[in-house]
Amino acid sequence: MLDPRLNHVVAVAHGGSFTKAAEIVGVTQSGITKSIADLERELGFAIFIRTSRGALLTEEGRDFVERASRLLDDARALLQGTRERGDPYAGPLRIGVCPASLEWLLTEPLAGLLAKHPGIRFEIIGSSFERMIRLLRNGSVDVAFGFDAAFAEWTDVRRQHVATLQGVLFVRKDHPLIERRPIGIGDLANYDFVTPSDSRPYGMVIREIYESRGIDWRKHLHIVDNFSIVRQIVATSNAIGVAAEEYAATPFFRAKYAMIEDISPFTPAPLCCAIRSRWDPKPAVRAFMGEMRTRFQP
């Protein structure tokens, strides 16, 4: 059986304090405190920062708790005998999305998947490229969806192409660029950008726009992965945002924003589903990847 300390550490993380964790697990607070202290000594790093307001996860602790939660969920599903009852798809399906602003692309595939396999329980985790790789490699997510460039350099990850995304630039409707014709690459460097990452695939292109004009890109780049925040920044400033061409063409989007159609510095960006090479994907993962391929067929 799994080490009971895993249950204790997850309870502290979910409850926010050692006192609350003791209530959840049904042991004394001193027992929880000793259990966590023993585990931290064995691991060689602190899982929590103790404060007057409760327990906060450290960076290493966050990764540990995510993996411990996955192990506990899998053990719970195994003990419930879902496979013996004839439903190999039942249980949690942890899907990572990087960047998180791509989550809207999962709407139709997840609806289709749930209609076919109602026993699936989704856990959608949006994160940065760097953290998503860690979550995928340590098993905290079953499958990751995002830009192929984020996973290409990792040899222990298998990738399956599912679609190609064309990024476009957008601004508020009364932006100074709208009245300017023609618009050149150099004109873009006069304004701030909002992008989900300062790296691949869009961040590097945007950095080159500034560097080609001798401008320090660090002073002009907002890194925001929540698209609602991106839209608000663009709507209330002269900043330039990046959106998927498909989304930017919707009536809802065009009612408030304008695409910069004269110029596009981005090449089409492949999207993929990524899994760990050394683990066979469970049926729910294979079904999810199949739904993604179906959704994005030409």
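In region 4-63, one over the average inverse separation of all distinct C-alpha pairs is 11.1 Å, which is the Kirkwood hydrodynamic radius. Where both bridge residues fall in region 167-267, DSSP classifies roughly 60% of the beta bridges as antiparallel. Averaging the Cα positions of each part gives two centres, and for region 26-50 and region 176-196 these lie 53 Å apart.
Size descriptors for region 159-231 (Cα atoms only): Rg and Dmax, in that order, 13.6, 43 Å. Computed over region 21-124, the P(r) tail beyond 23 angstrom holds 49 percent of alpha carbon pairs.
Which net charge results for the neighbourhood of G126, defined as the other residues with beta-carbon distances under 9 angstrom from its beta-carbon, given Lys and Arg at +1 and Asp and Glu at -1? Walk me through the intermediate numbers first.
Values: positive: none; negative: E103, D225.
Net of charged neighbours comes to -2.
Per-residue extension of 0.36 nm, minus the Cα-Cα distance of A46 and F296, leaves a gain of 85.6 nm for this segment.
To the nearest ten degrees, helix 4-15 and the longest principal axis of the Cα atoms of the chain are 50 degrees apart. Along its first, second and third principal axes, ordered by size, region 207-298 spans 48, 34, 24 Å in Cα coordinates. By the Kirkwood approach, averaging reciprocal distances over each pair of separate Cα atoms, the chain gets a hydrodynamic radius of 21.7 Å. Give the lysines whose C-alpha is closer than 16 Å to that of K34, dropping any in the same chain fewer than 8 places away, or say none. Cross-link targets: K20.
Out of all DSSP beta bridges with both ends in the chain, state the antiparallel percent to the nearest 5. Before the final figure, lay out the partial values.
Details: 23 of 39 bridges.
Looking only at bridges with both residues in the chain, the antiparallel portion is about 60 percent.
How about region 196-294: which GluC sites (Glu not before Pro) there lie in a loop by DSSP and see at most 11 other Cβ atoms within 10 Å? Kindly include the intermediate steps, with their values, before the conclusion.
On the way: sites: E208, E211, E245, E246, E261, E291; in loops: E261.
Sites meeting the loop and neighbour criteria: E261.
Region 93-225 has equivalent-ellipsoid semi-axes of 34, 18, 12 Å, by the square roots of 5 times the alpha carbon gyration tensor eigenvalues, sorted largest first.
Within the chain, which is the longest segment that contains none of the trypsin sites (Lys or Arg not before Pro) sitting in a DSSP loop with at most 16 other Cβ atoms within 10 Å? Could the numbers behind the result be given before it?
Details: sites that count: R53, R83, R85, K173, R180, R213, K256, R278.
The reported range is 86-172.
Quick note: the coordinates plus some simple rules give every number you see, no bench work behind them. Computed from a prediction, not measured in an experiment: that's the story for all the values here. Ideal geometry is used to build each Cβ from the backbone, glycine not excepted, and the neighbour counts take in all protein chains shown.
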